[in-house]
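Structure, as structure tokens:
The values are calculated or read from the model by the stated rules, or taken from the named source; none is laboratory data. In this text, all values refer to a predicted model and were calculated from it rather than measured experimentally. Every residue, glycine among them, receives a Cβ derived from its backbone with ideal geometry; neighbour counts consider all protein chains shown. All accessible areas refer to the heavy atoms of the entire protein, side chains included, with ligands and DNA or RNA removed. Shrake-Rupley method; radii C 1.70, N 1.55, O 1.52, S 1.80 Å.
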Amino acid sequence: MWKLVFLGICAVLAVCVLALHSWVWAWAKSPNGGVPAYPATWPKPLYNFQANPPTSAGIALGKKLFYDGLLSADGYTSCASCHQQFAAFSTYDHPLSHGVNNQFSLRNAPGLFNLAWHTNYHLDGGITHLDAQPLAPITATNEMGETLENVIQKLQNHPVYPALFQKAFGTSKVSTRLFTKAISQFLVTLVSANSKYDRVMAGTDTFNLPQRLGYELFMAKGCAGCHTPPLFTNFAFENIGLPIDSTLNDYGRMRVTQNPQDSLRFKVPSLRNVQLTMPYTHDGRFSSIDQVLQHYNSGVVAHASTSPQLRKGISLTKFQMGQIKAFLYTLTDTAFVKNKVFADAVVEKPGMQHHP
Amino acid sequence: MVVRLYILLFLLVASTCSHAQRFIRLQLRHTWGNIPIEATNTPVNKAQFYIHNFSISQLGKTLLYFPQPQLFNALSDSPFATTFLITDTAEIDIAFTIGLPDSVLQNGIGEGVLDPLNGMFWTWQTGYVFVKCEASVHQQKYSYHIGGMAPSPDARRTFTAQLKLPAGAQNIQWVVNWEQLFTPSQNNPIPVTCHAPGPLAMLLADRFLQAHSFVIL
């Protein structure tokens, strides 16, 4: 009898150890600590944690700032108004995002997760440090439309913020340096690594047949060359053969480098949570994954800078498209989008504008 | 930093005792052509620029060195001045780089001279404006925000000059003639605005390099 119980316990323990072994979250220990947990099989994050070690007070302050319309001219357009958690922090169902005064952003808002692995931000890579990122939407007239001077003054004169800065940074004096560090501390905690794909790779779950065939196609058809696992992007800038939208005139990477070879190149987006980040591509011109796959199959318009592996398109049958889509859906991290730790404490503010 | 330099200089004076030694005073002056920029009749509304790695050396020996970024505002700063000791009669080499070092954003957003509140930070793209000049010339408003470093075209420029100081000379003036930015060359007329890194910023960066000279008084 006892032998059986003992064996049972051993079996349970063995399973646990196996599961843990295959799904180890490296609690990376830097001398300052605070690096968010991530799977051991992932590369090291590139964000400079030494210069800005996350603390619970810093993360809490960053989250409050992220959800606060105070950073904008109209008092309503917070970071979160364009970066919605249920859509993996992209703007759900909007090709372009709404800014203050009913204006639109130039580009489709990407999801926000695994940002500590990027070395540059924006679809043209024009932002080269995560801490510098908030300044772009805050001061863009078509996004939050505010000045840095005003933001700092509003935070400094606020009944709560100075104390939160004191807690996070040991000073109640608000500065650009510190408020951007706080936002980064929150942003780097947004790690999405718990999709079905991750569980399958960890050996704790299995793909069904269409998912497995889709995965094999994804690897075989060269998708993984750009959308490289485990982050599902190689962070390169590529031209996938989308013709220019003549009203937006967005030439992508060339805007930053001024190099004609970079014309129409955009940062390879991660395909994690891609099911939730519709519409797709830099200007949101495709409303479904099917349309994106159709583009790869037959829509590529080759141009001098179009990626060589895409010049002739990637031929996909209807069946194969279905399988790839089934695989892409396994990249959805439901635990991430439902994680209350990342959600706003206040659900809705009175008078909050609703977008159509 | 400046205080430390003075102490260093003092120690230098105290320890070495040769007859060729003398102090030279270096002063920064901003002008519009020949007139001082503070004069009321200059057309400049805004004029500031960053440098780093400022050095003065003689026969390979460093006499003065400021590695860290400095921001000079032609219209509001008290005039920048410093002193250094020369020990030889040979020519002195002056060098500095207009713009900021690569490491400037390594640790996030900077403070002090690097605080974006100085109005020298682009926000839509990461990076600092190295030279900002706004002026109304011939009823035309010009606005130049000159900058750019990798991955954008690099608008930093390094100034170098050699000066022979005659015996008895004690003062050098570093003159920045802002009018130089508005001096067209044959193939390149004066642009009205430049607000982003790129070919225009490169051209204006070249022109601003020409704006610097060192004059012995």
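Of all residues assigned to region A:158-181, none qualifies as being among the small types (Gly, Ala, Ser), open to solvent by less than 10 Å² (accessible area, probe 1.4 Å), closer than 22 Å to residue A:49 by Cα and not assigned by TED's automatic domain parsing to the domain that holds residue A:264.
Scoring residue A:183 on the criteria (1) assigned to a loop (DSSP other than H, G, I, E, B); (2) modelled with pLDDT of 95 or more leaves a single failure, condition (1). Of all residues in region A:242-260, those that are over 17 Å from residue B:148 (Cβ atoms), of a type in the set (A, V, I, L, M, F, W, C) and open to solvent by less than 60 Å² (accessible area, probe 1.4 Å) total 2.
Look at (1) in contact with a Leu (Cβ under 6 Å, 6 or more places away or on another chain); (2) within 14 Å of chain B (Cβ to nearest Cβ) and you find that residue A:190 fails only one, number (2). Mind checking which residues of region B:123-145 are modelled with pLDDT of 90 or more and within 14 Å of chain A (Cβ to nearest Cβ)? Result: B:128, B:129, B:145. In region B:194-217, the residues that are within 14 Å of another protein chain (Cβ to nearest Cβ) form Cβ pairs under 7 Å with partners that are open to solvent by 40 Å² or more (accessible area, probe 1.4 Å), at six or more places apart or across chains, as follows: B:194/B:200; B:198/A:258; B:199/A:258; B:203/B:188. For region B:66-108, taking the residues that are out of contact with any strand residue (DSSP E or B) (no Cβ under 6 Å at 6 or more places or on another chain) and within 14 Å of another protein chain (Cβ to nearest Cβ), the one that is least open to solvent (accessible area, probe 1.4 Å) is identified as B:108.
Screening region B:131-217 for strands (runs of 3 or more DSSP E) wholly inside it with 3 or more residues that are open to solvent by less than 40 Å² (accessible area, probe 1.4 Å) returns the ranges B:140-147, B:157-163, B:171-177.
Considering only region A:135-173, state which residues are in a loop (DSSP other than H, G, I, E, B), more than 17 Å from residue A:73 (Cβ to Cβ) and away from every other protein chain (no Cβ under 11 Å). A:159, A:160, A:170, A:171, A:172, listed by residue number.
Filter region A:194-213 down to the residues that are surrounded by fewer than 16 Cβ atoms within 10 Å (Cβ to Cβ) and assigned to a loop (DSSP other than H, G, I, E, B) and list them by number. Once the filter is applied, which keeps residues that are surrounded by fewer than 16 Cβ atoms within 10 Å (Cβ to Cβ) and assigned to a loop (DSSP other than H, G, I, E, B), region A:194-213 yields A:203, A:204, A:205, A:206, A:208.
Would you check if residue A:90 is modelled with pLDDT under 90 and within 21 Å of residue A:191 (Cβ to Cβ)? Judged against the criteria, residue A:90 is not a match. The set of residues in region A:214-237 that are open to solvent by less than 60 Å² (accessible area, probe 1.4 Å) and closer than 18 Å to residue A:294 by Cα comprises A:214, A:215, A:217, A:218, A:222, A:223, A:224, A:226, A:227.
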